[in-house]
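Student: Got a structure here, written out as structure tokens. Questions coming.
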Amino acid sequence: MSRGSENTDDEPPKWMSFRSLLVFSMFLRVFLIVYGEWQDAHMEVRYTDVDYIVFSDAASLMASGESPYKRTTYRYSPLLALLLTPHSFFHRSFGKFLFSASDLLVGWFIHTILKERKVPEKICTYSVMVWLFNPFTFTIGTRGNCEPLVCAMILWIIISLMQGKLAQAAFWYGLVVHFRVYPIIYALPIILVLDSQVFRSDQKPPLEDWNTGQTKTPTSNTEKKTILFNLLTALKSLFSRERIMFALISGGVFLACNAVSFYFYGHEFLHEALLYHLTRTDPRHNFSIYFYHIYLHYERQFSAVEKLISFLPQFTVQFALVSCFWQDLVFCIFLQTVAFVAFNKVITAQYFVWFYCLLPLILPWSRMKLKWEGLLCIILWIGAQTHWLLWGYMLEFKGLNVFLQLWAASLLFLAANTFVLVKIIQRHRFSPLFRRYESSSQKHVKKLH
């Protein structure tokens, strides 16, 4: 976020250098993992995430030659269980160290992306701190949640695209969609930016720097026409060499991973790791506005059509966001992720990390000041979440019948998400990730303007 008249070109103090922050973050995470072992052994409330127990059991089953899907509620790629098989031979906290290392890698990638776009070191440092010292992010890996792995892969895809390594980006994109289905929503904006006016063989694509393209989010008719023209141009040349290559490699990797997994684990894999997430209905209370309807009608089996209809609001919002912001790729996928989570049929706290890893990448382009507008958004979002958690506590721990109040809290949380998202869009400085080479058609559009 902008900091008024502060000199952004100043270097941060030595104790706040990126290397120092990374080292301190590493020791903090090691301490929390060790502390978590102590808390699990001595306190009634465990520090370790229940998902980590599921991962560990699945990894143990795989290490002994059995299917990881014999562990109930394991609904992930077998690759995750494979990564955690050393858990059976070394130490039960192996996975926590792996996830925390991925967490630190996310911080490194955030710094790399911002430096590639020539963001001043001081702003880079503050942005990276938003990830490294966010209490939610440094506890999620140390408690044993696998989301930092997914975040690291997504940021690596962005870096690969920025460096013009399309085959590498396509490989990791196919892998991450197999690993965790939700990044499929990024396919359209990625395909759209793979323009022949940006990507040329054996050349690194030109990037828009931090100090260029300092325009507000497009609102005028002229700006909207330019974006629409660029979108139509991109769609006309949809079958370019770059797009076909990306689609073939990413699709091939995705299908290959699924084929191997299906070969070893059959329909168990297909249902638990893929189909379950498309038609999932969870009657337990969660942040989603859909939970109460699902709870009331859970005994009546939902048809596949009913389950898929709930995706319609998501698809509508996703298409609107992509059509407006696809050129500003990082900002676009941030908005997509926030909207996807907000309108999802099931929302748990771990989903928030999906957009937390992207937030530091858009802050340098935000005109929103921390005082007071930024604080208002933070307080509103956390307040709506805390309000929901209070009703959830009364339901789960006190046994009170507060389903209706909890559903109203879910509606309030959706409203808070929407308000914050609109504010972020209004205060964002629209800046395409890639600089397009001048073409005759673009010159013609400029003359019309």
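So that you can scan it fast, the table gives a plain yes or no per residue for (1) among the hydrophobic types (A, V, I, L, M, F, W, C); (2) without any contact (Cβ under 8 Å) to a residue 60 or more places away in the chain; (3) open to solvent by 30 Å² or more (accessible area, probe 1.4 Å):
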site: T139; (1), (2), (3): no, no, yes
site: N145; (1), (2), (3): no, no, no
site: I158; (1), (2), (3): yes, no, no
site: F171; (1), (2), (3): yes, no, yes
site: I184; (1), (2), (3): yes, yes, yes
site: I191; (1), (2), (3): yes, yes, yes
site: K204; (1), (2), (3): no, yes, yes
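Student: Right, here's the next one. Could you please find all residues in the range 32-77 being open to solvent by 40 Å² or more (accessible area, probe 1.4 Å), among the β-branched types (V, I, T) and not in a loop (DSSP other than H, G, I, E, B)?
Tutor: V34, V50, I53, listed by residue number.
Student: Tally up the residues in the range 78-100 that are more than 13 Å from R143 (Cα to Cα), at pLDDT below 90 and open to solvent by 70 Å² or more (accessible area, probe 1.4 Å), please.
Tutor: Adding up the residues that qualify gives 3.
Student: Go through the range 342-384 and report how many residues are among the aliphatic types (A, V, I, L, M) and open to solvent by 50 Å² or more (accessible area, probe 1.4 Å).
Tutor: 7
Student: Return a yes/no flag: does the range 110-127 have any residue that is surrounded by fewer than 22 Cβ atoms within 10 Å (Cβ to Cβ), in contact (Cβ under 8 Å) with a residue 24 or more places away in the chain and closer than 24 Å to Y35 by Cα.
Tutor: No.
Student: Go through the range 91-114 and give me each residue that's more than 20 Å from the chain's Cα centre (by Cα) and within 20 Å of M153 (Cβ to Cβ).
Tutor: Listed by number, the residues that qualify are F94, G95, F97.
Student: Give the residues of the range 37-76 that are basic (K, R) and in contact (Cβ under 8 Å) with a residue 40 or more places away in the chain, sorted by residue number.
Tutor: Of everything in the range 37-76, just one residue is basic (K, R) and in contact (Cβ under 8 Å) with a residue 40 or more places away in the chain, namely R75.
Student: Select from the range 390-427 the residues that are within 18 Å of G374 (Cα to Cα) and in contact with a helix residue (DSSP H, G or I) (Cβ under 6 Å, 6 or more places away or on another chain) and write down the one among them that is surrounded by the most Cβ atoms within 10 Å (Cβ to Cβ).
Tutor: Looking at residues that are within 18 Å of G374 (Cα to Cα) and in contact with a helix residue (DSSP H, G or I) (Cβ under 6 Å, 6 or more places away or on another chain), I get F413.
Student: Could you check how many residues of the range 6-29 are part of a helix (DSSP H, G or I) and without any contact (Cβ under 8 Å) to a residue 40 or more places away in the chain?
Tutor: The number of residues fulfilling the criteria is 7.
The values are calculated or read from the model by the stated rules, or taken from the named source; none is laboratory data. None of the values given here were measured: they were computed from a predicted structure. With ideal geometry, Cβ positions are generated from the backbone for all residues, glycine too; neighbour counts draw on all protein chains shown. Only protein heavy atoms, including side chains, enter the accessible area calculation; ligands, DNA and RNA are left aside. Shrake-Rupley method; radii C 1.70, N 1.55, O 1.52, S 1.80 Å.
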